[in-house]
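Below is one structure, written out as structure tokens; the observations come after it.
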Amino acid sequence: MGDLINALAVAGKSALGFQAVFFALLAIGLNVHFGYTGLLNFGQIGFALLGGFGIAISVSQWGLNFWVGVLVGLGAAVVLALLLGLPTLRLRADYLAIATIATAEGLRLLFRSVSASGVTGGTRGLSAFNGDFVSLAPWDTGQRYSILGTRWSGGELWVALVGWVLVALLCLLVWLLVRSPWGRVLKAIREDEDAVRALGKNVYLYKMQSLVLGGVIGALGGMVYVVGTGAANPDQFQNANTFLAYAVLILGGAARVLGPVVGAVILLFVIQFADTGLRALISNGIIPEGLLSATDVAQIRFVLVGLGLMLLLVFRPQGIFGDRREVMLDAR
Amino acid sequence: MPAENTPTGAHAASLGKGSPAGGRAPQRLAQAALRDVPWEVGVAKPDPAIVVENVTRTFGGLTAVSVDRLEVQRGGITGLIGPNGAGKTTLFNLLTGFDQPNTGTWSFDGRPLGKLAPHQVARLGVVRTFQLTKALSRLTVLENMLLGAQGQRGESFLRALVPGTWRSQEKANTEKALDLLRRFKLDAKKDEFAGTLSGGQRKLLEMARALMSDPQVVMLDEPMAGVNPALTQSLLGHVKDLREEGMTVIFVEHDMDVVRDISDWVVVMAAGRVIAEGPPESISQNQAVVDAYLGAHHDAPLTVEEEDQVLAEAERRIAHEENGEVIDSDTTTRGEGR
């Protein structure tokens, strides 16, 4: 019983920590791309990488102010979106998917390469760049705080708080946008570009705006992540995270403002709960060692998540917030 | 082009009397204006809205469209007919910027449309519908309609964030959309997803959506395809209404009864070319049209003499090519015959 409560508490911390903010922001960006505009961006993590390293490089290598670093990261994300969008957005949707997936992986390999290590720190990455930000916390960040049976460091708490405020603001932004005529054009592009063209809308421009907006939100996610861990390492930005963000989006419900947020909280809760819970069951001998050892738990929890997603798609294909009628239209 | 198809004005007028709308002559200004126009391909119209010149479009070795000259009368309904693969839809795509031609120019109200993108053409007031209906399934019927409105302030990214800048305009557009929906009898469905509508209702919605932009030229690609007869009548009525509001309508259709009923002028295409033009009454008598639809020898089997003639002609041509320089075709034929 004590183990169960402990597992719930650990999972709850993970679901409210900066990792959840990271995935929520990645997924909010993807929601703008995929949920509303129908753009297939399979390299969202590339935007996050540029956001994170924008701060890390600016502060620890170039000695700039933290907030200048934030602007550098956002600017880099805009440039990446333009570079990806200019050649591919006039073409069919799959070309953007190919370009983004290759670019995200290419960027990671570039940032970890030996030749780039003078700037990016190579495989060791960069650290000591979040001091300016953490010192803004209204409480003592060196101390540890106990909240509902979980231990948080002051810094963690501060990053998570600012992160969730950021998530709330961006949800408000997305909500304002999608209920406006601008959002209506995006949704129409998702349904049929040619029809929108025939009605006098510059589809290319709207897709570009959507790509930039979603990319910038993804970059903010990367910033929260590197500030939360206190270090930026290219290998933190594996493209698997893009697909976890898609899982978050589908779990919460695509094309719903709060879908990605709820999805991120639930996904991280489930992953952490499965992890801690299984370990407790193994150490108590309830699951025999021969069946599952503690070292396998890290893999098994993702199997469980995959199983859960499959069940979700069978029984609730619209996600938690989605509208079933909308999803069923495609099946007709 | 057979010479007997060049009619006198009186001939055309007497045929015109038989048409159902003959009694409502005042509304059919375009028909009256076209009365004295000769039935020739590429003929100049009194008041053309769209002028097409020397437009060609090839896909690899296939010439999909090759139109030397075509003028479309303003304020009239021009029917575009032709067998499958005649290039009707390709011509539509070229005119609306969805495809770019290999050569040629065309203009709307004297403004060249050559290098414009589809949305720029639409903003000039030339809107189109599609052969395969493009209802935006996961938007409601009303949202579909609102999308058609032009010059919306709320469609710019920054102003979208300040609802005060676009709310009044949105309200006006909504009222206009509801009026149009009532006219097309879709007002009961306004909050349903467009994807739940039947095929015919989608056609209606697409036409209504196009009208939201207050177009000057409406191009309808097979508006009646797959629509039941009762709805066809209502669609026909709507198309006629467009003309009465002063719009220029160009439509592609296969149903000849429909074409005869509503068109002021009919353009026939086959194999990428315009093979005949004229009022609807003239078309069914036109030999080139009959040949295009049914084949040149559709009404009689080949006789033995005709077959020999065809064979001799073919042999003559082969010999022609083999000889290279030919002095006189007659001598070649005689030489072969021996």
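Based on the Kirkwood approach, the hydrodynamic radius assigned to the stretch B:216-307 is 15.1 Å, with every pair of different Cα atoms included. Both radii come from the Cα set of the protein assembly as shown: Rg as radius of gyration, Rh as Kirkwood radius; their ratio Rg/Rh reads 1.13. What percent antiparallel are the DSSP beta bridges of the protein assembly as shown, to the nearest 5? Roughly 65 percent of the beta bridges in the protein assembly as shown run antiparallel, per DSSP. Neighbouring Cβ atoms from other chains, within 10 Å of the Cβ of residues in B:116-126, number 4 on average. Taking a ≥ b ≥ c as the square roots of the eigenvalues of the Cα gyration tensor, an a/c ratio of 1.5 or more together with a/b no larger than b/c marks the stretch A:2-331 as oblate. In a simple Cβ point-charge model (Lys, Arg +1; Asp, Glu -1; nothing else charged), the stretch A:2-331 has a dipole of about 520 debye relative to its Cα centre. Among B:Asp308, B:Asp241, B:Asp36, which one shows the biggest mean-square fluctuation in a GNM of chain B, springs joining Cα atoms closer than 10 Å? Highest fluctuation among the options: B:Asp308. For the protein assembly as shown, a crude dipole built from +1 on the beta carbon of Lys and Arg and -1 on the beta carbon of Asp and Glu, taken about the Cα centre, is about 3380 debye to the nearest 20. Here the Karplus curve 6.51 cos²θ - 1.76 cosθ + 1.60, taken at θ = phi - 60°, turns the phi angles of the stretch B:236-245 into couplings of 4, x, 5, 5, 5, 4, 4, 5, 5, 7 Hz, with x standing for Gly and Pro.
Largest GNM mean-square fluctuation across A:Leu244, A:Leu307, A:Leu213, computed for chain A with C-alpha springs under 10 Å, falls on A:Leu307. Please name whichever of B:Val127, A:Gln299, B:Ala230 sits farthest to the positive end of the charge dipole of the protein assembly as shown, dipole taken about the Cα centre and charges placed at Cβ: Lys and Arg +1, Asp and Glu -1. My answer, from the dipole projection, is A:Gln299. Applying the Karplus relation 6.51 cos²θ - 1.76 cosθ + 1.60 with θ = phi - 60° to the stretch B:127-134 yields 3J(HN,Hα) values of 10, 9, 10, 10, 4, 8, 4, 10 Hz, where x marks Gly and Pro. When the charge dipole of the stretch A:2-331 is built from unit charges on Cβ atoms (+1 for Lys and Arg, -1 for Asp and Glu) and taken about the Cα centre, the candidate among A:Gly29, A:Val212, A:Gly253 whose Cα reaches farthest toward its positive end is A:Val212. Classify the stretch A:209-332 as rounded, prolate or oblate, taking a ≥ b ≥ c as the square roots of the eigenvalues of its Cα gyration tensor: rounded when a/c is under 1.5, otherwise prolate if a/b is larger than b/c and oblate if not. The shape class here is oblate. A straight Cα-to-Cα reach below 21 Å connects B:Lys189 with the lysines A:Lys187, B:Lys134, B:Lys171, B:Lys176, B:Lys203, residues fewer than 8 places away in its own chain not being considered.
Farthest toward the positive end of the dipole of the protein assembly as shown, out of B:Pro112, A:Ala232, B:Ala271, is the Cα of A:Ala232, where the dipole comes from beta carbon charges about the Cα centre. Close amide H partners of A:Leu64, meaning residues 5 or more places away or on another chain with modelled amide H under 5 Å apart, are A:Val59.
Work the Kirkwood hydrodynamic radius out for the stretch A:20-144: mean of 1/r over every pair of different alpha-carbon atoms, inverted, in Å. That comes to 15.9 Å for the stretch A:20-144. Pick from B:Pro279, B:Pro163, B:Pro112 the residue whose mean-square fluctuation is largest in a GNM of chain B, springs joining Cα atoms under 10 Å. The residue with the greatest mean-square fluctuation here is B:Pro163. Across peptide B:159-172, the mean count of Cβ atoms from other chains lying within 10 Å of each residue's own Cβ comes to 2.
Database remark: amide H of B:Arg273 closer than 5 angstrom to the amide H of B:Ser66 (H placed geometrically; neighbours at sequence offset of 5 or more, or on other chains; Pro and chain starts carry no H). Rounded to two decimals, the Cα-based Rg/Rh of the stretch A:24-97, with Kirkwood Rh, is 1.06. Computed on the Cα trace of chain B, the radius of gyration divided by the Kirkwood hydrodynamic radius gives Rg/Rh = 1.07. The residues B:Lys134, B:Lys171, B:Lys189, when put in order of fewest to most other Cβ atoms within 10 Å, stand as B:Lys171, B:Lys189, B:Lys134.
In units of the rule-of-thumb radius 2.2 N^0.38 Å, the stretch B:111-259 shows an alpha carbon radius of gyration of 1.07.
Diagonalising the gyration tensor over the Cα atoms of the stretch B:202-251 and scaling each eigenvalue by 5 before taking the square root yields semi-axes of 18, 11, 9 Å, largest first. Using Cβ point charges alone (K and R +1, D and E -1), the dipole size of chain B about the Cα centre works out to roughly 2400 debye. Determine the shape class of the stretch A:66-208: with a ≥ b ≥ c the square roots of the Cα gyration tensor eigenvalues, call it rounded for a/c under 1.5, and otherwise prolate if a/b is greater than b/c, oblate otherwise. Taking the square roots of the gyration eigenvalues as a ≥ b ≥ c, the stretch A:66-208 is oblate.
Any read-out appearing in this document is the output of simple, stated calculations on the displayed coordinates, not a laboratory observation. Given the structure is predicted, the values throughout are model-derived calculations rather than measurements. Here the Cβ is made from the backbone with ideal geometry for all residues, glycine too, and neighbour counts use every protein chain on show.
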